[in-house]
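One structure is given here, and the rest of the page talks about it.
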Amino acid sequence: MSPSALPAWPYPFWIAHRGAGKLAPENTLAAFRLGASHGWRMFECDAKLSQDGVLFLLHDDSLERTSNGQGMAGDQAWAALSQLDAGAWHSRRYAGEPLLTLERLAHWCLANHLRLNLEIKPGTGADVATGAAVAQAVARLWQGQPVVPLLSSFSSAALDAARRTAPALPRALLLEALPPDWLTQARTLDCMAVVAEHRCWNAETVGAAHAAGLRTLSYTVNDAAEADRLMALGTDGIITDRVDFFSPAA
Ligand code: G3P
Ligand code: MG
């Protein structure tokens, strides 16, 4: 398959990881604002479900690393989660920054014409519920928009639930390594892209993905020589922490 047979791709090449990488508290609105102030137009982030069904951003299953809360985030109601400080752990200037709901982020992205790669990050055992909830919310929040978030996940169960809930939303399979059946997995989930740990990509794997009609993205690339290698290979996107180092012009 020639490159022209790849699916249309409405996203920029450069994607800021968790909002602004490590410069601001990850997955908070402060991080997205900082990333945008450096010129970034697309952001990766991690979405999960509260105990009472509110979608919000958090990378870990538990609250300790990136907030002043304790325990498993998915076991707690949004009324409690919304009171937490998700900024002080990072640095004093961000003390009091709250956790961010997907709904709030959607309004901010739409108001500022910014794109998202929404990683579905289910708590333990919540793969299907989270995949379905994210797809339903994105279909509602971005209804009628010309460009909608790219949904991605390491969880094939979550991606499958998203596919069944809102088949038209674009999906990407996240992979830390390429198993023998990686192309079959991506095709079965009707994905547009594979987002892989950057060392997975070489001429052979990029060629195989493109021949299968799949875009190729990398996480998390913080090194200029590695970014150059991935661009020379003809890959389709890079997720990075280094929003103050790389130029997101592309
Ligand atoms: O979505 C790409 C990347 O964020 C996946 O790894 O652990 O940073 O969510 P992680
Ligand atoms: Mg992520």
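What the table shows:
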| quantity | calculated |
| --- | --- |
| Residue match in region 67-80 (condition: within 16 Å of ligand 2 (Cβ to nearest atom), within 30 Å of Phe245 (Cβ to Cβ) and either open to solvent by 30 Å² or more (accessible area, probe 1.4 Å) or assigned to a loop (DSSP other than H, G, I, E, B) (or both)) | no |
| Residue match in region 35-45 (condition: part of a helix (DSSP H, G or I), within 15 Å of ligand 1 (Cβ to nearest atom) and of a type outside the set (Asp, Glu)) | yes |
| Wholly enclosed helices (runs of 4 or more DSSP H) of region 113-215 bearing at least 1 residues at positive phi and acidic (Asp, Glu) | none |
| Selection count, region 170-216, where residues are within 11 Å of ligand 1 (Cβ to nearest atom), more than 19 Å from Ala157 (Cβ to Cβ) and out of contact with any helix residue (DSSP H, G or I) (no Cβ under 9 Å at 6 or more places or on another chain) | 1 |
| Count of region 216-247 residues which are touching a residue at least 24 places away in the same chain (Cβ under 8 Å), hydroxyl-bearing (Ser, Thr, Tyr) and not in a loop (DSSP other than H, G, I, E, B) | 2 |
| Cross-chain or 6+ apart pairs with Cβ under 8 Å, region 28-47 first and open to solvent by 10 Å² or more (accessible area, probe 1.4 Å), then away from ligand 2 (no atom under 16 Å from the Cβ) and among the aromatic types (Phe, Trp, Tyr) | Leu29/Trp108; Ala30/Tyr94 |
| Among (1) more than 13 Å from His17 (Cβ to Cβ); (2) surrounded by 18 or more Cβ atoms within 10 Å (Cβ to Cβ); (3) under 15 Å from the mean Cα position of the chain (by Cα), the one test that Thr205 misses | (3) |
| The listed residue being modelled with pLDDT of 95 or more, touching a Gly at 6+ places or on another chain (Cβ under 8 Å) and not hydroxyl-bearing (Ser, Thr, Tyr), out of Leu102, Leu58, Leu49 | Leu49 |
| Those residues of region 208-232 which are within 16 Å of ligand 2 (Cβ to nearest atom) and not β-branched (Val, Ile, Thr), in sequence order | Leu217, Ser218, Tyr219, Asn222 |
| Hits in region 143-164 - residues which are surrounded by 18 or more Cβ atoms within 10 Å (Cβ to Cβ) and over 16 Å from the mean Cα position of the chain (by Cα) | Asp160, Ala161, Arg163 |
| Hits in region 217-241 (condition: open to solvent by 30 Å² or more (accessible area, probe 1.4 Å) and within 14 Å of ligand 1 (Cβ to nearest atom)) | Tyr219, Thr220, Asn222 |
| Positions within region 91-100 being within 22 Å of Leu118 (Cα to Cα) and away from ligand 2 (no atom under 16 Å from the Cβ), in sequence order | Glu97, Pro98 |
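The values are calculated or read from the model by the stated rules, or taken from the named source; none is laboratory data. None of these values were measured; they are calculated from a predicted model. Cβ: placed from backbone, ideal geometry, glycine included. Neighbour counts: every protein chain shown. Protein only, heavy atoms only, side chains kept; ligands, DNA and RNA dropped before computing areas. Shrake-Rupley method; radii C 1.70, N 1.55, O 1.52, S 1.80 Å.
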